[in-house]
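Since the structure comes first, as structure tokens, the remarks are kept for the end.
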Amino acid sequence: MSVPEHKAPAVESYVRLRALEMHLRAHGFATQMVAGSLVVRNMTARSLCGSAGVAGDVIACRPHEDDEGRYWFFTSWQQPIAESDRITDALVMIKGYLGAPA
């Protein structure tokens, strides 16, 4: 059974976000799929003053206009993270700005 053409981008994004989610969970991040995006939280983040907190972001996956329509992961502020088939690169970038869970 094929996916209707108008639904293919949503399915593509979902599958790629799920792959990223598995890797993020394996590295200790809390994740949740919400409205076609991936909510990622580092529940053990520390603020600059040393108090415990939560660092998080909402990751989207969509075609990147500047890369011939290839699928990329994007931050909630629309910054590209990594091409969606480069899961390790995305993981490193996310760890960079959310910190690595303890």
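Between the helical axis of 8-26 and the longest alpha-carbon principal axis of the chain there is an angle of about 30 degrees. Short to long, the 5 Å bins of the Cα pair-distance histogram for segment 6-98 hold 3, 14, 26, 25, 16, 9, 4, 2, 1, 0 percent of all pairs.
Between ASP85 and HIS27, the simple label model (points 7 Å from Cα in the Cβ direction) yields a spacing of 2.1 nm. With contacts taken as Cα pairs under 8 Å and at least 6 residues apart, the chain reaches a relative contact order of 24 percent. Per residue, the accessible area of the chain comes to 63 Å², computed with a 1.4 Å probe over protein heavy atoms only. Estimated from helices alone, the mean residue ellipticity of the chain at 222 nm is -10000 deg cm²/dmol (sum of -39500 (n - 2.57) over DSSP H runs with n ≥ 4, per residue).
If R0 is 22 Å, what FRET efficiency do you get for GLU68 and GLU12 from their C-beta distance, rounded to 0.05? The partial results should precede the final answer.
Working: r = 15 Å, r/R0 = 0.68.
About 0.90, to the nearest 0.05.
Surface composition of segment 6-98: carbon plus sulfur atoms contribute 56% of the solvent-accessible area (1.4 Å probe, protein chains only, all chains present). Helix 87-98 and the longest principal axis of the C-alpha atoms of the chain enclose an angle of approximately 40°.
The values are calculated or read from the model by the stated rules, or taken from the named source; none is laboratory data. The structure displayed is predicted, hence computed values, not measured ones. Positions of Cβ are generated from backbone atoms using ideal geometry, with glycine treated the same way; all protein chains shown enter the neighbour counts. Ligands, DNA and RNA are stripped out before the accessible areas are found, and what is left, the full protein with its side chains, is counted by its heavy atoms. Shrake-Rupley method; radii C 1.70, N 1.55, O 1.52, S 1.80 Å.
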